[in-house]
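This report refers to the structure that appears directly beneath it.
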Amino acid sequence: MNSKSEIILNVRQLTMDFGGVRAVNHVDMDIRQGEIVALIGPNGAGKTTFFNCITGIYNPTKGDVIIRPPGKKEKRINGYKPNHVTGQGMARTFQNIRLFQNMTVLENVMIGRHCRLKAGIVGAIFRNPKTAAEEKKVVKDSYAVLEKIGLGGYVNELAKNLPYGAQRRLEIARAMATEPFLLLLDEPAAGMNPQETKDLDDLIEQIRTVEKISILLIEHDMKLVMSLSDRIFVVDYGKKIAEGNPEEIKNNPTVIKAYLGEEL
């Protein structure tokens with residue numbers, strides 16, 4: 001990855017306290033356009049809390065979360081609500097699948113398009129031609145996302161009837177439907193078998209290269225992390241203990257002691 005690529009996410013001294021417990025401790029991170037970046041560390045290290053802070057679920061105690069979508073001015077998004085963060089172009093998935101299980105695959109993705117709709121409440125009530133045309137476009141665009149993600153054949157299936165790996169992919173499709181410049185994946189390979197993980201690896205690379213979406217992921221599957229990532233950030237007890245490319249992280253004594261052990 002070109003080190004001169006534009007920084008699209010700049011997190012400075014991010015800190016999150018819960019009462020007397022400091023879950024994230026002055027963490028810095030930057031992501032450049034076109035990168036795949038991984039955030040790794042032991043269970044309880046603060047990774048998901050970090051995600052929650054930068055996506056509006058938590059308002060961090062200290063620090064700055066600054067985005068710069070390609071071609072736009074930078075903006076500090078601390079305190080934004082999650083739907084507003086998504087509207088700014090940062091979409092995420094969750095550790096535990098959060099699909100609308102009794103809705104169809106297509107309907108799940110259409111919900112992801114909601115933040116890009118222009119019709120107001122008047123249009124929705126009176127169903128003017130502009131609203132009707134927009135709704136048709138939502139269906140078309142949602143189907144296009146499913147085709148890209150390899151779920152075109154499941155359009156009318158209920159989400160709950162999908163195989164596990166396909167449900168994970170549907171979550172990614174719904175996030176992509178929001179037209180993000182940065183996609184945040186929280187343990188996307190959790191619970192997957194080796195073939196599903198290989199397919200996920202290919203999908204993430206496709207999202208980066210074909211869709212031109214940058215990616216930040218939390219993941220425990222080190223084979224996946226090492227094969228995909230341009231850079232890796234490592235946290236332990238809420239602190240960043242290392243950052244670098246996969247080779248540097250693999251051979252970092254502090255990281256080996258805190259997390260990797262001898263597995264690599």
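All of the numbers you see were taken from the coordinates with simple rules; none came from a lab. As the structure is a computational prediction, the values presented were derived from the model and not from experiment. Every residue, glycine as well, gets a Cβ built from its backbone with ideal geometry; the counts of neighbours run over all protein chains shown.
Counting DSSP beta bridges in segment 173-260, what percent are antiparallel, to the nearest 5?
Here the share of antiparallel DSSP bridges comes out near 50 percent.
Under the classification rounded if a/c is under 1.5, otherwise prolate if a/b is larger than b/c and oblate if not, where does segment 35-116 fall, given a ≥ b ≥ c as square roots of the Cα gyration tensor eigenvalues?
Oblate.
Separation of segment 1-46 and segment 151-183 by C-alpha centroid, Å?
Cα centres, segment 1-46 to segment 151-183: 26 Å.
Per DSSP H run of n ≥ 4, the term is -39500 (n - 2.57); total these for the chain, divide by its residue number, and report the mean residue ellipticity at 222 nm rounded to 500 deg cm²/dmol.
-10000 deg cm²/dmol
Would you work out which of S229, I66, P246 lies farthest towards the positive end of the dipole of the chain, given +1 charges on the beta-carbon of Lys and Arg and -1 on that of Asp and Glu, about the Cα centre?
Of the candidates, I66 comes out farthest on the positive side.
Once label points are set 7 Å from the Cα along Cα→Cβ at both K75 and E147, what is their separation, rounded to one decimal in nm?
Label at K75, label at E147, 3.0 nm between them.
What percent does the relative contact order of segment 144-264 come to when contacts are Cα pairs within less than 8 Å and at least six residues apart?
16 percent
For the chain, take the longest principal axis of its alpha carbons; what is the angle in degrees between that and the long axis of helix 194-209, to the nearest 10 within 0 to 90?
80 degrees
Rounded to the nearest 0.05, what FRET efficiency do T15 and Q206 give with R0 = 41 Å and r taken as the Cβ-Cβ distance? Could you check?
Efficiency computed from Cβ-Cβ geometry: 0.70.
Work out, step by step, the length gained on full extension between K198 and D64: first 0.36 nm times the residue separation, then minus their alpha carbon distance; give nm to one decimal.
Gain on extension, K198 to D64, equals 44.7 nm.
What distance in nm separates the simple spin-label points at D30 and H84, each placed 7 Å from Cα in the Cβ direction?
2.6 nm
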